[in-house]
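> Sharing a structure here in structure tokens format.
Since every read-out is calculated from the coordinates, none of them should be taken as a lab result. Note that the coordinates shown come from a computational prediction; the quantities given were computed from them, not determined experimentally. Cβ atoms come from the backbone with ideal geometry, glycine included; neighbour counts cover every protein chain shown.
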């Protein structure tokens, strides 16, 4: 009986939460900057690329460096934007985890629209549609993983500055640190006998998984480069599936951790 009475109210509160998150995401200044960069980047990729592969490679670089960074910054901003209102928000008849899911859904859907600004110029000019659509969905999955990472950084930190430091440090580590560690590991005699160990480290990094899968899809890396280890060969043969799986796993794990963090937050 109590459930029947409270359920409509909780549903209304959940709808209000989602609407609030969409409004907040739309006025996020990082989205405004990213919209401009995506449009300029998409047009530049078409104007200055000699062929379809060059266009795809240009967009890949934008996705790798700018999409991942702005997704993270947007997540941080969303998590920290209403921190002073948490006591009031958490008094609503909605579980705290719903706030995390609401923020993620709003940011994910808006990113899906904004990324069209990056890809539409190439699609309109008649570039390979299949390749670009595949890269679009891969980029959207990458954005989802880093939106989640930004939410974690935002909910972990005590203020916006600390959240930005945590988030950007994590981004730099995934972008450069993992590769450097794998490079040093590959040169260390003790680990040269187990090359699959550092290959596995690269596979678990969503940025490396995205980069390798996209480069092979664009035919920027010769297939024989994958023959050095059994694990590397398997990775390349299943690169698209692996990246999708690792991006989804990172996203779900980080969203779950954000919800766990909020459930244990005390004023």
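> Mind ranking 181-189, 154-162, 35-43 by how tightly packed they are, going by the mean number of other C-beta atoms within 10 angstrom, highest first?
In descending order of packing, they fall as 35-43, 154-162, 181-189.
> Okay, moving on. Modelling each spin label as a point 7 Å along the Cα-to-Cβ direction, I'd like the residue 183/residue 23 distance in nm, to one decimal.
4.9
> If R0 is 22 Å, what FRET efficiency do you get for residue 137 and residue 229 from their C-beta distance, rounded to 0.05?
Efficiency, rounded to the nearest 0.05: 0.20.
> In terms of the Cα gyration tensor, with a ≥ b ≥ c the square roots of its eigenvalues, is the stretch 11-263 rounded because a/c is under 1.5, prolate because a/b exceeds b/c, or oblate?
Note, shape of the stretch 11-263 comes out oblate.
> Still on this structure, please answer the following. Stretched out fully, how many nm does the piece from residue 156 to residue 83 gain, at 0.36 nm a residue minus the Cα gap?
So the extension gain works out to 25.1 nm.
> Restricting to DSSP H runs of at least four residues, report the calculated mean residue ellipticity at 222 nm for the chain, -39500 (n - 2.57) per run over all residues, nearest 500 deg cm²/dmol.
Value at 222 nm, helices only: -25500 deg cm²/dmol.
> Another question, if that's okay. Using the count of nearby Cβ atoms within 10 Å as a rough guide to exposure, how do 85, 263 rank from fewest to most?
85, 263
> OK, next. Between residue 50 and residue 130, what is 0.36 nm times their sequence separation minus the Cα-Cα distance? Round to one decimal in nm.
This chain segment gains 27.0 nm when fully extended.
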